[in-house]
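What follows is calculated from the coordinates using simple rules that are stated; it is not laboratory data. Here the structure is a predicted model, which is why all the values come from computation and not from measurement. So basically every Cβ, Gly included, is an ideal-geometry build from the backbone, and we count neighbours across all protein chains shown.
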Amino acid sequence: MKAPESGTFSLPGKLVPWLLIAAGALVYANSLDAPFVFDDLGAIVENKDIQHLWPLWLDPQTSERPSLNGRPLVRFSLALNYAFGGLEVRGYHAVNIALHILCALLLFGLVRRTLLTTNRKPEWARSATSLAFCCALLWMVHPLHNQCINYIIQRSEVLAGLFYLASFYCAQRGFSSPHTRRWHSLAILACALGMASKETMLTAPLLILTYERIFHPASWRQLWHRHGGFYLGLAATWSISALLLASSPHGDSIGFTGGIDAWTYALNQCLVVADYLQKALWPHPLILDYGFPRMLRLGVVWPQAMLLAMLLALVALGLRYKPEVGFLGLWFFVILAPTSSFVPLINEVGAERRIYLSLAALVVLLVVALDWLTRRWTLHLSPNRSAVWRALVVVPLAGALSLGTVERNRDHCDALSLWQTVVDAVPHNPRAHTYLGLALIEAGQFDRALAHYRQALQLKSDYAEAHNNLAIALGLQGRSEEAIHHYTRALQLNPNLLQAYNNLGNALMARGQLDQAIAYFTRALQLKSTYADAHNNMGIALGLQGRSEEAVAHFRQALLLRPAFAAAKKNLSIARRAKSPAP
């Protein structure tokens, strides 16, 4: 490897990790108390699967959360959090932040070693450490990553990103090291771990192959002769993903069973990917939930479609004439492809977390372009002064991005503020109105909550969760007849909506219709035997019928499932007294 030329400023390599660790910790320091949000509640707070460490992969038929069970390494990491701190949210945030910082360190190492081995651009090699640090820093503090860090269940994206970068880093070390076999074995291991983290990893083997072809030039035959066994090992890790996907952990939320065809989804992605690109340059407004795919026509999205077509053409030309630059474009689109091309993801048309690794390519391209420009503008300056000019560009940019991240952290600390930003940015998203309604209910603003629930149903009349939540709000206002109507409608639309069975049972119990209430609590427990709230409510209904012994059994079960369940403790005490003979 080439050393920096004498007299040229170079950031001390040993200082870089500490600077990145400090920057990452400072930028996310105000996010540690952000509460569990959105899918965190079902995947972490209410998920019994994370309350034990072993087995690593559960029987898909008995798993409470199949989508998380299909990513066993993510489930295991959450189980470790639970084992050490229960549901103390700070521990979960700390792990996400640490994983993100590790990703930045790996990105620094990968970019630095790539620049050092790029013989066509010796000026890059001379500034490799400084340029790589700028890339890693800007990428790490970018506000677009906020969702991956603060929305805890999206640890899956960060964990997959960590192993994606680790496999690339180890592969790159193997390409230029006398210990090739050792490094490539580590790359295969990292790839296998990534396959157990998220399906994003599926693209890694092919992208690593392309990386070697471009940055360590050789014919395809020579590559096979050099490292054929290595690539067979990487390809073998696909079997892990195939095994995990065989049980359909994501159900019908992925594929063509939800009424969205490949063409319609691709049109939606034209808008979404263009939005990602805009936010990479100007990260506002940030959106927690993009909502569902919409029925679109080409005439609506043609500007975005033309932009993406032009960018894909530039990537193709870059691979032909400037392969190092073309590879960055390939990295961006290939990593996005599984979620942002033609295969519909029914529940969520877009998500900022999906650009987590893809953003690295845009940041590297920006830093290299800035470096080229500053070199052109400062030809008359010494290398040290030229480096100072580059720093004057990068440091304010990193500062602005960091401030944006800190500000976004504040949104995540307040559910009402967070969902209001989503409704403001995506007013056509019925789920955003529904969750804003929930936040308003918690804030005691019932009239505003009702308005947002009704808006959600205007946007999507068959949205079962909105019917269920509207019924909750109506019930709190004493409008039980209307509430029962909406609970019933929710169950007609989604017969597996647990909360609606439990809530409808409560509404009927309040009206004295105990037999009907018990029937709904029974159905909820048939769907989920570990549903503590339903056990507690069943106990209340049985107690009101004078069936104290059965009531005690349900209260005990509720406490077994949730030891800190205060209401169940109180109800158990009352049921025991009712069961005991009078003195």
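Calculate the length of the line joining the C-alpha centroid of region 482-507 to that of region 168-182, in whole Å.
What the calculation gives is 57 Å, centre to centre.
Would you work out which of G546, P217, I50 lies farthest towards the positive end of the dipole of the chain? Charges go on Cβ: Lys and Arg +1, Asp and Glu -1.
After comparing all options, I get P217.
Which semi-axis lengths, in whole Å and largest first, follow from the square roots of five times the eigenvalues of the Cα gyration tensor of region 219-324? Write out the running numbers ahead of the final one.
Numbers: eigenvalues 204, 126, 41 Å².
Its equivalent ellipsoid spans semi-axes of 32, 25, 14 Å.
For region 512-583, report the convex hull volume of the alpha-carbon atoms normalised per residue, in Å³, without decimals.
With only Cα atoms used, region 512-583 gives 75 Å³ per residue.
Averaging over all projection directions, find the projected area of the Cα convex hull of the chain and quote it in nm² with one decimal place.
29.4 nm²
Count charges around L32 for me, please; just the other residues with Cβ under 11 Å from its Cβ, Lys/Arg as +1, Asp/Glu as -1.
Net charge around L32: -1.
From zero up to wherever the largest Cα-Cα distance of region 1-115 sits, split into 10 Å bins and tell me the percent of pairs in each.
Result returned by the calculation: 12, 32, 25, 17, 9, 4, 0.
Rounding to the nearest 10 and keeping the result within 0 to 90°, find how far the Cα-based axis of helix 262-281 lies from the longest principal axis of the chain.
Approximately 60 degrees, to the nearest ten.
With point charges of +1 on the Cβ of Lys and Arg and -1 on the Cβ of Asp and Glu, referenced to the Cα centre of the chain, which listed residue (S253, A456, P178) lies farthest in the positive direction of the dipole?
The Cα lying farthest towards the positive end belongs to P178.
So how tilted is helix 72-85 from the main axis of the chain? Cα-based, degrees 0 to 90, rounded to 10.
70 degrees
Need the C-alpha centroid separation for region 519-583 versus region 222-284, integer Å.
46 Å
If you find the alpha carbon centre of region 36-105 and of region 290-366, how far apart are they in angstrom?
29 Å
Which aspartates and glutamates have a Cα lying under 20 Å from the Cα of K14, excluding residues fewer than 8 positions away in the same chain?
In chain and number order, the partners are E5.
Pop out the ³J(HN,Hα) list for region 195-208 in order, Karplus 6.51 cos²θ - 1.76 cosθ + 1.60 with θ = phi - 60°, rounded to Hz; leave Gly and Pro as x.
Result, ordered by residue: 4, 8, 10, 6, 5, 3, 5, 4, 7, 4, x, 5, 6, 5 Hz.
For the pairs K48/K198; K528/K569; K48/K569; K48/K528, flag any whose C-alpha to C-alpha distance is greater than 23 Å.
none
May I ask for the angle, rounded to the nearest 10°, between helix 446-459 and the longest principal axis of the chain, with both axes built from Cα atoms and the value confined to 0 to 90°?
Taking Cα atoms only, the helix is inclined about 70 degrees.
Within a Cβ distance under 15 Å of R454, other residues only, what is the Lys/Arg minus Asp/Glu net charge? Numbers along the way, then the final one.
Details: positive: R431, R448, K460, R479, R489; negative: D447, D462, E465, E482.
Summing Lys and Arg as +1 and Asp and Glu as -1 gives +1.
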